[in-house]
Amino acid sequence: MSLKKKNSSANSDIHWLRKIEQTSDKRMAWNFSFLSNEDNFNFSNETLNTDLMLKRIAEINERTFTAFLNLPRTTGLEKIDPNKIQGKLKHKPSPSEFGETREKLSGKKFCVVRLSKSGRIIGKMIDQTFYPFWIDLNHSLYEG
């Protein structure tokens, strides 16, 4: 009895990551690895409504990444130049753990995702991955 060779057509040889890259329905990814150690800007903040935040993230991920980018800044993504910021954020660099390579890939601008009137998440983007640095519930990092 001989073993049949698996069908190895060109399509089945494409690595699964390449298959994902070829789709047009990419979603935003979240990487919380670089979230601030400051209690008032991370999950330790007692006023953080994690249910609300997770519902907001789920709303964002219901859309394709392209559709999310096309939303107005109040419900989508806002990019802010650190040179134009008035407030504490002007003097807050990206976390050192974020590293030089990620910093170069993400660019100078911070990205903001609003949680509604209850606050916002501030971080950086590389491709469709959002790296939150601060959860700003009191709007204390910058006015806007």
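The table below gives the values:
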read-out: Cut-off under 5 Å, modelled amide H: who pairs with LYS124 long-range; value: CYS111, TYR131, PHE133
read-out: Phi-based couplings in Hz for the range 84-93 (Karplus 6.51, -1.76, 1.60; Gly and Pro marked x); value: 9, 8, 10, x, 4, 4, 4, 9, 9, x
read-out: Beta bridges per DSSP with both ends in the range 25-136, % antiparallel, nearest 5; value: 90
read-out: The range 75-144: trypsin sites (Lys or Arg not before Pro) in DSSP loop, at most 10 other beta carbons within 10 Å; value: LYS117
read-out: Radius of gyration and Dmax over the Cα atoms of the range 25-136, both given in Å; value: 13.4, 37
read-out: Student exercise, the range 25-136 dipole from Lys, Arg, Asp, Glu Cβ charges, in Debye to nearest 20; value: 480
read-out: LEU137 long-range amide H proximity, modeled H, under 5 Å; value: ARG120
read-out: Using θ = phi - 60° and Karplus 6.51 cos²θ - 1.76 cosθ + 1.60, couplings along the range 107-121 (whole Hz; Gly, Pro as x); value: x, 7, 6, 7, 10, 10, 10, 7, 8, 3, 6, 7, x, 8, 10
read-out: Cross-link partners of LYS26 among aspartates and glutamates (Cα-Cα below 15 Å; sequence separation of 8 or more within a chain); value: GLU59, GLU62, ASP127
read-out: Residues of type aspartates and glutamates that LYS108 reaches as a straight line, Cα spacing below 12 Å, ignoring anything fewer than 8 places off in the same chain; value: ASP81, GLU100
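Read-outs throughout are calculated quantities, based only on the coordinates presented, and are distinct from any laboratory measurement. Predicted model only: the values in this text are computed from it and were never measured. Note that each Cβ is placed from the backbone with ideal geometry, even for glycine, and that neighbours are counted across all protein chains shown.
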